[in-house]
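Visitor: This is the structure, below, for whatever I ask next.
The values are calculated or read from the model by the stated rules, or taken from the named source; none is laboratory data. Bear in mind the structure is a predicted one, so any value in this text is a computation, not a measurement. Here Cβ is always computed from backbone atoms with ideal geometry, including for glycine, and neighbour counts include all displayed protein chains.
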Amino acid sequence: MICLGVETSCDETALALVRDGVLLGERLASQEDLHALFGGVVPELASREHLRKGSALFPALIKETGVDPEDIGAVAVARGPGLLGSLLVGMNLAKGLALGLGTGFVGVNHLHAHLLVVGLEREIPFPSVGLLISGGHTQLYLVHSPFDFELLGRTLDDAAGEALDKAAKLVNLPYPGGKFIDFLGQGEEPDKTLFPRPLTSGSGLDFSFSGLKSAVARYVSGHPSLKLPTLPGEVLPEVPGLPRYCATINWAVADTLRIKAERALAAHPEAKALIVAGGVAANSMIRREMIGLCAASGVEAVFPSPRLCTDNAAMIAFLGEQLVRAGFVHGLDLLAIPRGRMVPLDYTRPSS
Ligand code: KG4
Ligand code: ZN
């Protein structure tokens, strides 16, 4: 079966085609440059850009892959959680395509799709502990199967990516800040005592990054020389101390994540692997910490390749195909789920 995936939950407009678990092609219109002007995603602009760019991606994808639209068997859409306006645009595009193509339709949990996209590159071991780290979410799961996710822990306030993005913005690094923190901090020794690793002293699996954000803000206000000139050009100027600052905040986030992942693995010895996914999983220091943890714990460390870590439609098409094959579909009255709300398991069986 060929499944078309549509992703618009934040600032990437993307369409992809997957056939029998193999990616045939994808088209992505990134809004990174637009939002960089504002230092973060502006929701109203994101919706408008999805509307402007989304429809044209379909003919381009068909042309690129040579797929006959008649052969598309299902349309899957990122249903949430995400920015509501952005989701609504993608949802309507996907519904229109499903109507026009006469296919089945399914809404996909964006977070589950992040964790399973690695299935496009290798077999996924089940059960696994899944660590989902993105700009809007930080969650730990026990993943029993593609359709059975048990939530073990989640952030009580900000996401890991948000903490990195905020730390970057405070020193005028461009958006998306996590990428620049990663890049600038490479090869630097972090100061492991400077910033807190929040909520790590107890035994729980929930996260909190708001205290870290405040600690970093206080530190930068006392060290204004760390700031770049407000509008950096193509080349980032060298600022003494900035690379170490980046390595230090990156380590505080990476080690907090490591502590929680270690706890989750210890609590679930049945897990065969630790899957780390979401935009922040592209981070080189976090990858190193998790590889070290997995080696010590005797489980496999599984990461999607960096290009599949950030938002993409391949992950939506991949999980959508599996859902439809297993008989999980939605009606065209499906609603989008905004950030902060649980995505319900409300599929209908076509025969029912
Ligand atoms: O999954 P994603 O593309 O979008 C959401 O669903 O949120 O994640 C975006 C996040 C941003 O916070 C961005 O700064 C972060 O991923 N990110 C990184 C790296 N590349 C992207 N964070 C750390 N290191 C990176 N290399
Ligand atoms: Zn995402």
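Visitor: With V276, V343 as the choices, which residue is outside the structural domain of G90 (by TED's automatic domain parsing), within 21 Å of the chain's Cα centre (by Cα) and assigned to a loop (DSSP other than H, G, I, E, B)?
Guide: Going through V276, V343 in turn, the sole match is V343.
Visitor: Here is a follow-up. Starting from the stretch 171-185, keep only residues that are within 6 Å of ligand 1 (Cβ to nearest atom), then list their pairs with residues that are assigned to a helix (DSSP H, G or I) and hydroxyl-bearing (S, T, Y) whose Cβ atoms are within a distance under 6 Å, requiring at least 6 positions of separation or different chains.
Guide: Close Cβ pairs satisfying both conditions: D182/S284.
Visitor: Then there's this: Is it true that H144 is surrounded by 20 or more Cβ atoms within 10 Å (Cβ to Cβ), farther than 14 Å from G320 by Cα and not assigned by TED's automatic domain parsing to the domain that holds A16?
Guide: Spelling it out, it is not the case that H144 is surrounded by 20 or more Cβ atoms within 10 Å (Cβ to Cβ), farther than 14 Å from G320 by Cα and not assigned by TED's automatic domain parsing to the domain that holds A16.
Visitor: If you check G85, G54, G39, which single one turns out to be of a type in the set (G, A, S) and either without any contact (Cβ under 8 Å) to a residue 24 or more places away in the chain or not in a helix (DSSP H, G or I) (or both)? Talk me through it step by step, then tell me what you get.
Guide: Details: G85 fails: either without any contact (Cβ under 8 Å) to a residue 24 or more places away in the chain or not in a helix (DSSP H, G or I) (or both); G54 fails: either without any contact (Cβ under 8 Å) to a residue 24 or more places away in the chain or not in a helix (DSSP H, G or I) (or both).
Of G85, G54, G39, the one residue that is of a type in the set (G, A, S) and either without any contact (Cβ under 8 Å) to a residue 24 or more places away in the chain or not in a helix (DSSP H, G or I) (or both) is G39.
Visitor: Give the residues of the stretch 94-115 that are farther than 18 Å from G82 by Cα and either within 14 Å of ligand 1 (Cβ to nearest atom) or touching a Lys or Arg at 6+ places or on another chain (Cβ under 9 Å) (or both), sorted by residue number.
Guide: The answer is F105, and nothing else.
Visitor: S305 fails exactly one of the following numbered conditions: (1) surrounded by 15 or more Cβ atoms within 10 Å (Cβ to Cβ); (2) hydroxyl-bearing (S, T, Y); (3) within 16 Å of ligand 1 (Cβ to nearest atom). What is the number of that condition?
Guide: With (1) surrounded by 15 or more Cβ atoms within 10 Å (Cβ to Cβ); (2) hydroxyl-bearing (S, T, Y); (3) within 16 Å of ligand 1 (Cβ to nearest atom) applied to S305, the lone miss is (1).
Visitor: Sticking with this one: Residues in the stretch 290-297: is at least one closer than 18 Å to P127 by Cα and either hydroxyl-bearing (S, T, Y) or not assigned by TED's automatic domain parsing to the domain that holds L226 (or both)?
Guide: Among the residues of the stretch 290-297, at least one is closer than 18 Å to P127 by Cα and either hydroxyl-bearing (S, T, Y) or not assigned by TED's automatic domain parsing to the domain that holds L226 (or both), which makes the answer yes.
Visitor: Among the candidates D182, D191, D165, which residue alone is in a loop (DSSP other than H, G, I, E, B) and of a type in the set (D, E)?
Guide: On the way: D182 fails: in a loop (DSSP other than H, G, I, E, B); D165 fails: in a loop (DSSP other than H, G, I, E, B).
Only one candidate qualifies: D191.
To keep it simple, each residue is scored yes or no on (1) within 14 Å of ligand 2 (Cβ to nearest atom); (2) closer than 18 Å to G136 by Cα; (3) touching a Lys or Arg at 6+ places or on another chain (Cβ under 9 Å).
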| position | (1), (2), (3) |
| --- | --- |
| S284 | no, no, no |
| M290 | no, no, yes |
| P304 | yes, no, no |
| L308 | yes, yes, no |
| D311 | yes, yes, no |
| E321 | no, no, yes |
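Visitor: Also, quick follow-up: Can you tell me which of P174, P229 is surrounded by fewer than 23 Cβ atoms within 10 Å (Cβ to Cβ), more than 20 Å from the chain's Cα centre (by Cα) and part of a loop (DSSP other than H, G, I, E, B)?
Guide: P229
Visitor: Quickly run through the stretch 142-162 and pick out the residues that are under 29 Å from I124 (Cβ atoms) and away from ligand 2 (no atom under 16 Å from the Cβ).
Guide: Matches in the stretch 142-162: L142, V143, H144, S145, P146, F147, D148, E150, L151, L152, G153, L156.
Visitor: Can you name the number of the only condition in (1) within 16 Å of ligand 2 (Cβ to nearest atom); (2) closer than 22 Å to A167 by Cβ that V6 fails?
Guide: Failing condition for V6: (2).
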